[in-house]
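Okay, so here's the structure we're looking at.
What follows draws every value from the coordinates through simple rules; no lab data is involved. What you see is a predicted model; the values in this text were computed from it and never measured. Positions of Cβ are generated from backbone atoms using ideal geometry, with glycine treated the same way; all protein chains shown enter the neighbour counts.
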Amino acid sequence: MLKATNIRYSSGKGTHKKEILRNVSFEVEEGESLYVSGKSGVGKTTLLSILGLLLNPTSGQVLIRQEPLLSLTAKEKSWYRQTKIGLIFQEPYFIQDFTIYENISLATIFQNIPKQLLEKQIIDYMVTLDLHMPLETSITLLSGGEKRRIAIIRALIQKPKILIADEPLENLDDQNQERVTNLLDTYVAQEKAYCIIASHKKRKFQKSICLEKVT
């Protein structure tokens, strides 16, 4: 089980201190997805950053199988993030001078996957998401929607136990939204992963929470 308990987060100091999250708690079972909804500015991205070990909360804890992730050292968090967490950012980040293959393969540097096998895995994902350009294509030649799908492949390629996605359907037409949704659902079920998705897109999830603005 992935469990978040009483997550609180405040930014700023003194008179400029602002509370963003207050006592956010939830549980997610293996093979299950959690939908995080709420208006812009209520802290969805902040919560995902905490779950992805990119940001420390003011208080609270995140546990996976009773292991307290927020109590790990900075070095341990970095290793855990590289090997156990797949991150899909709201704005995909890429090394502009790199090809599709080079950008995706960076996510597997700790796994020593043979190049031929890695290429096959990437191509299989690309076909599933209706991407048919060569792996040697420069990332700069892709459209926003194509970059979004490549970012999703990069998050999945390392077979993460925890998948965290911030607006994964953004910039995608209806057909590609369905392809991405089906791929994420299949991955989570097959790998018995934990998935937390923040999105404005309305769809049915096994579990959901709605964040409210802290007053």
Local charge sum around R22 (other residues, Cβ-Cβ under 11 Å, Lys/Arg +1, Asp/Glu -1)?
0
Relative contact order, percent, of segment 1-137 when contacts are C-alpha pairs under 8 Å separated by at least 6 residues?
20
Mean Cβ neighbour count within 10 Å, used as a protection proxy, ranking 111-121, 147-157 highest first
147-157, 111-121
A 31 angstrom limit on the alpha carbon distance is what I want to check against. Which of K44/K192; K75/K192; K39/K147; K44/K147; K13/K207; K84/K147 exceed it?
K13/K207
In what sequence do Y187, Y194 fall when counting other Cβ within 10 Å, fewest first?
Y187, Y194
For segment 127-176 and segment 103-126, what is the centre-to-centre distance using only Cα atoms, to the nearest Å?
14
In a Gaussian network model over the chain where Cα atoms closer than 10 Å are linked, find which of F26, F110, F89 has the largest mean-square fluctuation.
F110
Restricted to the chain, the DSSP antiparallel beta bridge percent, nearest 5, is 45
Would you mind classifying segment 138-215 by shape? Square roots of the alpha carbon gyration tensor eigenvalues, ordered a ≥ b ≥ c; an a/c under 1.5 is rounded, otherwise it is prolate if a/b is larger than b/c and oblate if not.
oblate
Have a look at segment 88-179 and give its Rg and Dmax from the Cα atoms, expressed in angstrom.
12.4, 36
Compare the Cα positions of L54, L142, I88 along the charge dipole of segment 8-156 (+1 at Cβ of Lys, Arg; -1 at Cβ of Asp, Glu; about the Cα centre) and return the one farthest towards the positive end.
L54
